[in-house]
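Take a look at the structure set out below.
The values are calculated or read from the model by the stated rules, or taken from the named source; none is laboratory data. Just so you know, these numbers come straight off a predicted model, no measurement behind them. Every residue, glycine among them, receives a Cβ derived from its backbone with ideal geometry; neighbour counts consider all protein chains shown.
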Amino acid sequence: MYIQVALPVPLPRLFSYRPIEGRPLPLPGIRVQVPFGNQSQVGIVVSHGPEPDLDPAKIKPVKAYLDDAPLLSPSLWKLAQTASRYYFTPLGLVLPQMIPVKLRKGESAEPAPVTVWQLTPEGTETTLDTLKRAAQQQRIIAYLQAGKRLEEGQISALEFSRPALKALADKGLTETITEQPAIADGWDQDWQGGEEAPQLNPEQAIAVTAINQHDGFGCFLLDGVTGSGKTEVYLSVMAETLRKGQSVLVLVPEIGLTPQTIARFRRRFPLPMEVLHSAVNDSERLASWQRARAGGAAIVLGTRSALFTPLPSLGLIVIDEEHDASFKQQEGFRYHGRDLAVMRAQLENVPIVLGSATPALETLNNVQQGRYRHLTLTRRAGAGQPVRQILQDIRHLPLDAGLSPPLIQRIRQHLDDGNQVMLFLNRRGFAPALLCHECGHLHECNRCDAFYTVHQASNMVQCHHCGSQKRLPSQCPDCGSTQLFTRGVGTEQLEQALARLFPDAPAVRIDRDSTSRKGSLEAMLERIRSGEVKILVGTQMLAKGHHFPDVTLVGLLDVDSALFSADFRASERLAQLYTQVAGRSGRASKKGEVVLQTHQPEHPLLHQLLGAGYGAFAKDALTERQQAQLPPYWQLAVIRAEANQSHLAQGFLQQAKSLLPAGPVQMIGPMAAPLERKAGKFRFQALLLAPDRRTLQQTLEPWLARLPELESAKRCRWHLERDPQDLL
């Protein structure tokens with residue numbers, strides 16, 4: 001018998017190895033360490049068989065079995081196999097995404113002992129006054145004297161100093177002990193201490209009842225206007241699941257939404273909860289995975305990759321902001337988190353709730369087809385009122401860092417009334433271009449067909465496509481002139497202008513640059529909620545999910561570029577973005593306003609959004625997609641190729657097109673990608689359209705198997721992406 005192993009390499013095949021002599025055959029799902037070329041790789045056993053795929057004399061033996069039992073549950077194993085076929089991705093690239101990084105490197109899947117810091121008898125008796133010259137030591141002693149537990153993995157999260165811990169140990173005030181990690185064995189049917197749930201309004205109560213009364217798998221779209229209390233519906237449905245002793249998996253699109261969601265969930269449910277997102281380090285992620293797998297997590301809250309967390313008693317899945325493009329993985333295994341979550345719910349036979357104020361057109365189509373049940377929340381919860389919407393024509397108006405005089409006046413009025421203001425500009429940095437006044441030279445990235453973005457705070461210019469950066473130049477490279485000017489406005493420039501225009505109103509900028517340090521986002525959000533900050537400036541990180549009750553004015557400075565994009569999804573994204581950003585205003589009892597600045601005030605899309613809302617837009621957009629034979633009515637895939645020379649990438653796609661059998665699958669292209677050169681590579685792509693999923697699957701599977709045989713395939717990098725969300 002031979003072992004078929006999936007390895008993390010981009011080859012659509014399994015690899016055969018001989019088992020270890022004298023040992024039982026490893027079960028599918030067990031990790032093994034195997035030789036691969038001149039290296040050693042960690043793979044996952046997929047199957048056994050008597051017939052190897054090579055000459056038996058060339059087959060190498062497995063080095064080691066790393067597990068005693070399969071890592072993945074039967075439902076997750078089935079999910080991996082189904083996703084591998086659906087997304088045309090080798091199983092060797094799918095399976096590693098379903099386990100933590102440390103397990104991919106061969107570390108043990110069993111929980112490791114943990115180091116716990118505790119007070120000595122002397123530490124229990126000591127007073128904080130004796131440590132008044134050592135603030136960090138004071139904080140630690142106060143934390144421990146409050147009866148709180150301090151594990152090794154919590155030190156950085158709590159921002160405690162290791163030298164301070166060592167100093168306390170040297171003084172005999174603290175000591176460490178080693179314990180086996182405690183795994184909660186379920187949770188009480190009726191827990192105590194949680195925040196009391198508010199009274200639901202009739203629409204919320206109907207939605208909660210519909211979900212709770214459903215038995216087994218069912219997909220529910222919770223379609224509620226911004227501020228309608230969707231989170232309260234989630235919490236009420238979760239409460240019923242948790243009372244049964246079952247777990248809940250909650251996915252949010254952005255790390256920026258997790259701090260407030262964590263706080264709200266913990267206030268309501270004093271139960272074991274694991275949080276997983278990109279800021280969680282590999283050790284913390286492994287520990288969370290181990291606790292969840294052992295049944296010790298009542299709630300798992302995280303971004304896209306948390307979807308694969310093992311939960312032996314899973315009872316409910318919730319996807320917040322289900323429309324968000326962040327749920328789509330853009331590299332490697334290019335899956336859509338929302339769609340795989342629905343697939344997992346079906347395999348686990350549990351209900352799933354998709355929540356959004358701006359549902360994706362694919363989701364609305366599934367409602368029309370009867371696959372999903374539609375639950376609506378049509379009015380704002382509590383005292384929230386509909387916002388006043390203003391379309392501001394900025395043609396012929398002088399702009400100060402993107403701000404028109406009417407908007408500046410409105411900002412001043414709202415600040416004078418003691419309220420907060422949010423300004424949305426989806427362009428980080430100081431300015432998107434640097435121009436020479438003498439010769440007109442625009443500073444362009446040497447590796448991409450894109451201009452450098454100016455980051456004045458760091459005195460750098462940076463390409464936001466490939467990440468390359470260099471010092472802000474003082475002279476033009478073409479003519480030597482020192483008269484260099486920025487063009488356009490970014491969030492950094494807007495923040496400076498606001499400090500000049502409104503010196504008495506503290507402003508905070510929330511974008512990827514300002515929140516790069518761990519804990520910085522949480523600190524900023526706390527300053528906003530406390531009322532210390534009066535003006536919020538941000539990119540899409542601020543656009544969705546946040547609840548700021550004192551924000552009464554929202555200004556969108558520049559969204560015109562989305563009105564003329566080549567991507568057919570651009571209008572849908574703009575409609576979602578506007579609706580979500582506008583929804584940050586007037587969420588409490590205060591009346592809110594939204595100002596949309598534009599150079600295109602006659603554009604029909606803007607008038608439809610402001611006049612009839614997202615629902616009317618979605619209805620018309622679905623009709624247009626159907627007539628144009630575009631998703632969700634037709635199935636779409638895109639094949640991309642990149643190479644050092646453009647003709648190599650284009651040539652491969654042309655040869656691939658010649659191999660595609662004549663039939664219902666249409667191939668449009670090849671064509672240059674909108675950003676043709678990126679990171680030094682020339683990029684081409686072609687679209688593949690089919691009337692249904694089965695046709696696309698049955699046509700592309702044998703076609704893809706032939707493409708590696710092409711000589712041109714060896715001279716470029718290529719991949720196929722199914723259900724692409726971004727064609728740029």
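I'd like to check something: does the stretch 526-533 contain any residue that is in a helix (DSSP H, G or I) and of a type in the set (Lys, Arg)? Before the answer, list the steps.
The first filter runs over the stretch 526-533 and keeps only residues in a helix (DSSP H, G or I), leaving 526-530.
From the residues that got through so far, the ones that are of a type in the set (Lys, Arg) too are 527, 529.
The answer is yes; a qualifying residue exists.
Leu675 fulfils the conditions (1) within 26 Å of the chain's Cα centre (by Cα); (2) within 22 Å of Tyr335 (Cβ to Cβ) except for a single criterion, (2).
The single condition among (1) out of contact with any strand residue (DSSP E or B) (no Cβ under 6 Å at 6 or more places or on another chain); (2) more than 24 Å from Asn459 (Cα to Cα); (3) buried (at least 22 other Cβ atoms within 10 Å of the Cβ) that Val489 does not meet is (2). Taking the criterion of being charged (D, E, K, R) and buried (at least 16 other Cβ atoms within 10 Å of the Cβ), the only residue of the stretch 109-144 that qualifies is Arg139.
Counting residues that are within 21 Å of Gln496 (Cβ to Cβ), which strands (runs of 3 or more DSSP E) fully inside the stretch 371-442 reach at least 2? So that I can check it myself, show each step before the final result.
Details: elements: 373-377, 388-393, 420-424, 433-436.
So the answer is 420-424, 433-436.
With respect to Gln645, is the statement that it is closer than 28 Å to Ala679 by Cβ, in contact with a Phe, Trp or Tyr (Cβ under 7 Å, 6 or more places away or on another chain) and either surrounded by fewer than 20 Cβ atoms within 10 Å (Cβ to Cβ) or touching a residue at least 12 places away in the same chain (Cβ under 8 Å) (or both) true?
Working: closer than 28 Å to Ala679 by Cβ: yes; in contact with a Phe, Trp or Tyr (Cβ under 7 Å, 6 or more places away or on another chain): yes; either surrounded by fewer than 20 Cβ atoms within 10 Å (Cβ to Cβ) or touching a residue at least 12 places away in the same chain (Cβ under 8 Å) (or both): yes.
Here the answer is yes, as Gln645 does meet what is asked.
Taking the criterion of being among the aliphatic types (A, V, I, L, M) and in contact (Cβ under 8 Å) with a residue 24 or more places away in the chain, the residues of the stretch 648-666 that qualify are Leu648, Ala649, Leu653, Ala656, Leu659, Leu660, Val665. Would the stretch 575-596 turn up any residue that is within 26 Å of Gln462 (Cβ to Cβ), buried (at least 19 other Cβ atoms within 10 Å of the Cβ) and touching a helix residue (DSSP H, G or I) at 6+ places or on another chain (Cβ under 7 Å)? No - not one qualifying residue is present in the stretch 575-596.
Here Phe485 meets each of (1) assigned by TED's automatic domain parsing to the domain that holds Leu606; (2) under 15 Å from Ala401 (Cα atoms) with one exception, condition (1). Among the residues making up the stretch 716-727, those that are surrounded by fewer than 17 Cβ atoms within 10 Å (Cβ to Cβ) and more than 21 Å from the chain's Cα centre (by Cα) are Arg717, His719. There is no residue in the stretch 507-529 that is closer than 23 Å to Gln409 by Cβ, in contact (Cβ under 8 Å) with a residue 40 or more places away in the chain and in contact with an Asp or Glu (Cβ under 8 Å, 6 or more places away or on another chain). It is to be established whether one or more residues within the stretch 303-322 are touching a residue at least 12 places away in the same chain (Cβ under 8 Å), surrounded by fewer than 23 Cβ atoms within 10 Å (Cβ to Cβ), part of a helix (DSSP H, G or I) and charged (D, E, K, R). Checked against the condition, which is being touching a residue at least 12 places away in the same chain (Cβ under 8 Å), surrounded by fewer than 23 Cβ atoms within 10 Å (Cβ to Cβ), part of a helix (DSSP H, G or I) and charged (D, E, K, R), the stretch 303-322 yields no hits at all.
Please verify whether the stretch 20-42 includes one or more residues that are modelled with pLDDT under 95, of a type in the set (Ser, Thr, Tyr) and over 20 Å from Val101 (Cβ atoms). Taking every residue of the stretch 20-42 in turn, none turns out to be modelled with pLDDT under 95, of a type in the set (Ser, Thr, Tyr) and over 20 Å from Val101 (Cβ atoms).
Is it true that Glu331 is assigned to a loop (DSSP other than H, G, I, E, B), at negative phi, under 17 Å from the mean Cα position of the chain (by Cα) and without any contact (Cβ under 8 Å) to a residue 12 or more places away in the chain?
Working: assigned to a loop (DSSP other than H, G, I, E, B): yes; at negative phi: yes; under 17 Å from the mean Cα position of the chain (by Cα): yes; without any contact (Cβ under 8 Å) to a residue 12 or more places away in the chain: yes.
The answer is yes for Glu331.
If you go through the stretch 677-718 and pick out every residue that is basic (Lys, Arg) and either under 30 Å from Tyr633 (Cβ atoms) or assigned to a helix (DSSP H, G or I) (or both), you end up with 6.
Residue-by-condition table, conditions (1) under 28 Å from the mean Cα position of the chain (by Cα); (2) surrounded by fewer than 12 Cβ atoms within 10 Å (Cβ to Cβ); (3) modelled with pLDDT under 85:
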{"position": "Lys171", "(1), (2), (3)": "no, no, no"}
{"position": "Ile183", "(1), (2), (3)": "no, no, yes"}
{"position": "Ala197", "(1), (2), (3)": "no, yes, yes"}
{"position": "Leu200", "(1), (2), (3)": "no, no, no"}
{"position": "Ala205", "(1), (2), (3)": "no, no, no"}
{"position": "Leu222", "(1), (2), (3)": "yes, no, no"}
{"position": "Gly227", "(1), (2), (3)": "yes, no, yes"}
{"position": "Thr231", "(1), (2), (3)": "yes, no, no"}
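Checked against (1) of a type in the set (Gly, Ala, Ser); (2) within 27 Å of the chain's Cα centre (by Cα); (3) not in a loop (DSSP other than H, G, I, E, B), Gly467 passes all but a single condition, namely (3).
Residues considered: Phe652, Phe682, Phe617. Of these, the only one that is among the aromatic types (Phe, Trp, Tyr), under 30 Å from Thr226 (Cβ atoms), surrounded by 20 or more Cβ atoms within 10 Å (Cβ to Cβ) and modelled with pLDDT of 95 or more is Phe617.
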